[in-house]
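The values are calculated or read from the model by the stated rules, or taken from the named source; none is laboratory data. All figures in this text were calculated on a predicted structure; none of them were measured in a lab. Reconstructed Cβ throughout: ideal geometry from the backbone, glycine too, with neighbour counts over all protein chains shown.
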Amino acid sequence: MIISASYKTDIPAFYGRWFLNRLQAGYCKAINPYGRQVTTVPLSRDAVDGFVFWTRNAGPFFDALGEVSARGFPFAVQFTITGYPRPIEASVIHRRRAVQQMRELARRFGPEVAVWRYDPVVATSLTTPAWHVENFRTIAGSLAGVTNEVVISFAHLYAKTRRNMDAAARAFDFTWSDPDADWKGALAGKLAAVAQDFGMQLTVCSQPEFAAASCAAARCIDAERLSRIAGYPIPAKVKGNRVGCACFESRDIGDYDSCVQGCAYCYAVRNAAAARARLAAHDPDSEFLIGPAREAMPAERMRFRPSY
């Protein structure tokens with residue numbers, strides 16, 4: 001079993017102590033966002049084939065990664081670095097700091113461990129196609145030799161996300177849109193060419209229509225990458241969690257409405273107040289990331305991965 005930690009929230013940034021406690025205990029408990037059923041997820045070495053961590057800030061988690069490695073677990077890190085303006089990403093660490101962390105990941109644990117995510121791509125008056133290409137080129141240049149893959153996707157903008165984007169646009173005087181497929185395809189091709197210049201394969205997450213000849217379909221939960229890291233085959237089957245997802249089967253141990261990065265486009269958080277409240281309710285000594293006495297999550301929030 002591969003454990004995802006977590007595409008629902010940023011465990012490395014905010015919940016590292018809890019994760020280490022659960023790793024030492026050998027299990028955690030997770031809550032189904034639909035019906036709130038509780039299940040026990042084993043985290044012992046004999047039960048877990050590897051971990052995939054998702055983050056925008058790995059700094060607080062390096063000691064935990066050292067413990068994961070010492071216990072013999074192979075792992076990969078999906079590291080999102082977008083460098084967007086503050087009106088869109090209110091509390092994300094600066095891209096230079098994130099790049100330094102990703103370089104340190106590769107130095108300590110090997111270049112296969114670190115996967116860069118430029119995800120999601122959002123279209124605003126602050127982030128035009130030309131801006132994306134130059135911003136992407138700057139980050140890619142700073143990550144040359146650190147990773148061999150960069151994952152993109154184009155933002156899924158549903159009712160809750162639209163409300164948050166509208167609120168940010170009003171507060172900071174910008175506009176946003178959901179461009180057509182031609183706009184997205186053209187930009188994907190340009191980003192793929194830049195990635196190739198710096199020795200990276202650009203892959204597209206769960207949007208196969210934009211995985212053109214210069215791109216490929218992303219497998220964010222990638223048993224093949226984990227196998228290369230481990231040095232032996234990791235058995236897993238492809239079982240995406242939505243249409244177009246090419247990931248291998250995994251079990252996610254995160255919870256929604258619990259990340260306080262402040263990204264206006266993120267579907268996994270209703271609003272900043274909800275995230276702050278759930279973070280405040282977190283007990284690092286609990287079996288649960290967030291205790292079960294919380295409201296059920298709307299189904300809309302479950303359809304797509306957030307951009308971690």
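Structure summary
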| item | result |
| --- | --- |
| Subset of the stretch 107-118 [of a type in the set (Gly, Ala, Ser) and closer than 17 Å to Val151 by Cα] | Ala114 |
| Residue that is nearest to Tyr7 (Cα to Cα) [pool: residues in the stretch 169-211 that are without any contact (Cβ under 8 Å) to a residue 24 or more places away in the chain and not acidic (Asp, Glu)] | Ala211 |
| Selection count, the stretch 24-60, where residues are at pLDDT below 95, loosely packed, with under 13 Cβ neighbours inside 10 Å and not aromatic (Phe, Trp, Tyr) | 5 |
| Count of the stretch 128-181 residues which are in a helix (DSSP H, G or I) and hydroxyl-bearing (Ser, Thr, Tyr) | 3 |
| Helices (runs of 4 or more DSSP H) (entirely within the stretch 1-78) containing at least 3 residues that are under 21 Å from Val146 (Cα atoms) and among the hydrophobic types (A, V, I, L, M, F, W, C) | 62-70 |
